[in-house]
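Let me begin by presenting the structure, written as structure tokens, before commenting on it.
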Amino acid sequence: MSVKQFKLPDPGEGLTEAEIVTWHVKVGDTVKINDIVVEVETAKSLVELPVPFAGKVTEILVGEGDTVEVGTPIISVDDGLGGAAAPAAPAGASAPDDEPEIEEGKIGGTTSTGRTAVLVGYGVKQTEAKRRPRAAGGAPPAGSDNGAGMPGRASAPAAPASRFPVRNPDEFVPSPAVTVDDRTERTARSAAAAPPRLAGRGRALAKPPVRKYAKDVGVDLDAVVGSGAGGVITRADVDAHATGGSAPDEGGSTGPDRLGGDPPAAGPGWLAREVGEGLESRIPVKGVRKMTALAMVQSAFTAPHVTEWVTVDVTRTMELVRRLKDEREFQDVKVSPLLVLARALCIAIARNPQMNAVWDEAAQEIVVKGYVNLGIAAATPRGLLVPNIRNAHRLDLHGLARAIGELTATAREGRTQPADMAGGTMTITNVGVFGVDGGTPIINPGESAIVCFGAIRKMPWVVTDEHGNDALAIRHVTQLTVSFDHRLIDGELGSRFLSDVAAILEDPARGLVWS
């Protein structure tokens, strides 16, 4: 047989590593050229990778949850053409010189210069990449015995570090940090109390979140008897083993269910038991969360932020939204106050063009941009993403509504590509959807201003009629906030811009006059 190894291609955008999220194939499956075999997460997006050759999968070299560097072999495929099998590349080894080149231009293939065809252009030479060393205690090498009469193969640890449920904040109990000695002692106790391993049982059956939970509390899954269907180990089984209790009956639980449901009566005894176990959640900072953290720190400590806010009567905007929802032309898109705000921003930028600028530190210049790439901050399970709408200033209200809908849907599905998050000029963050009145947002790197849209509430408001008489009325009211870079935007410019946005939301008809 002839075995080929598919190496992690360069995702572009200067990224050097990616996390393996989901394998779509397993050992023994047959694949065709350009079949999607794995989904990986970079610091900016989720990407599906197609395999560049056809054949039978002989080995999956990295597991879900592993972070690997560009150029690292991730899967082996037998193309059935004969010849000697290619051995697995050791850590730090470079690609062999006589490795057959794949057709130039296909993802994962190599060019005549040794560069890899990647998702965006051509990336680094695969011979320059070094495989990240695995942690001690990982999977056994190929051909070894795993202790249960089962042949081992090179694979990653089964519990991906980032794929476990986040606890409900209402059920969280503060606890002291778990020390290495605590975990070692608890693991030793588990091993000492472990029943003899059943012959042929093989690897303990448990889902990745349960494996992660067991690792955090120091319980060896090999010592736990599963009560789930087919002997699957549940969180309740881990709790029972950790506290020295028995496995729960079917449908029951010996401890609080931290995945859902109500905990037992929150008395001092239960609190002490929780704290005594040292339970805590650790979320690895990587991927989008890591990139967001670095970007926010860079922005906060390089751009001097100034924040201003204004409270606005948006009753007429709400009336406009209701009318648009009834219009036949808007039946295929979502109409919301955010849509009116997005249009108002484009109009206000046209009236105050220096708001749509950026500070060029190297050249010591202010670069005013004649286009609006409007970013919409979207909260996703992977963290905060800020994709942008290209040339938003050229779109009419219907086109803007369609673009916002597609942008947010793609972001929540985790399909936003790096190119869709680059080149933004101004951003909207809509905290109102969470019932929050306002905030002081941090500017997105590469931009100079960000607008925060608060919750719209019915409130008593002083209304002045055409004769100058004041009266109290129930109106829809919201708060707008703008943070801007004070190096290039002074208080006058920032105030004029915010006032223009507020004026359009107060009376959308102004947008017809100003646009």
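A short reminder: the numbers here are calculations on the coordinates, not readings from a lab. All of these numbers come straight from a predicted model, not from anything done at the bench. Note: ideal-geometry Cβ built from the backbone for every residue, glycine included; neighbour counts use all protein chains shown.
For the reader, a short list of remarks on this structure follows.
- Of Lys7/Lys32; Lys325/Lys369; Lys7/Lys286, those spanning more than 28 Å from alpha-carbon to alpha-carbon: Lys325/Lys369
- Close amide H partners of Val306, meaning residues 5 or more places away or on another chain with modelled amide H under 5 Å apart, are Phe484, His486.
- Cα-based shape type of region 380-515, given that a ≥ b ≥ c are square roots of the gyration tensor eigenvalues and the cut on a/c is 1.5: prolate
- Among 312-325, 211-224, sorting by the average number of other beta carbon atoms lying within 10 angstrom of each residue, highest first, gives 211-224, 312-325.
- Cα gyration tensor category, rounded, prolate or oblate, for region 361-417 with a/c compared to 1.5: oblate
- Remark: region 304-319, residue by residue, has Karplus-estimated 3J(HN,Hα) of x, 7, 10, 10, 10, 9, 8, 9, 10, 7, 10, 4, 5, 5, 5, 5 Hz, where x stands for each Gly or Pro and the curve is 6.51 cos²θ - 1.76 cosθ + 1.60 at θ = phi - 60°.
- Between region 360-374 and region 207-237, the C-alpha centres lie 54 angstrom from each other.
- Those residues of region 335-372 whose amide nitrogen sits under 16 Å from the label point placed on Ala473, 7 Å along Cα→Cβ: none
- Here's how it looks for Val38: its modeled amide H is under 5 Å from those of His24, Leu49, which are all 5 or more places away or on a different chain.
- Amide proton proximity set for Thr380, modelled H, under 5 Å, gap of 5+: Leu385
- Karplus-derived 3J(HN,Hα), 6.51/-1.76/1.60, for each residue of region 23-29, Hz, glycine and proline x: 8, 9, 9, 9, 4, x, 6
- When the Cα gyration tensor is reduced to axis lengths a ≥ b ≥ c, the ratio a/c is 1.5 or higher for region 271-381, and with a/b not above b/c it is classed as oblate.
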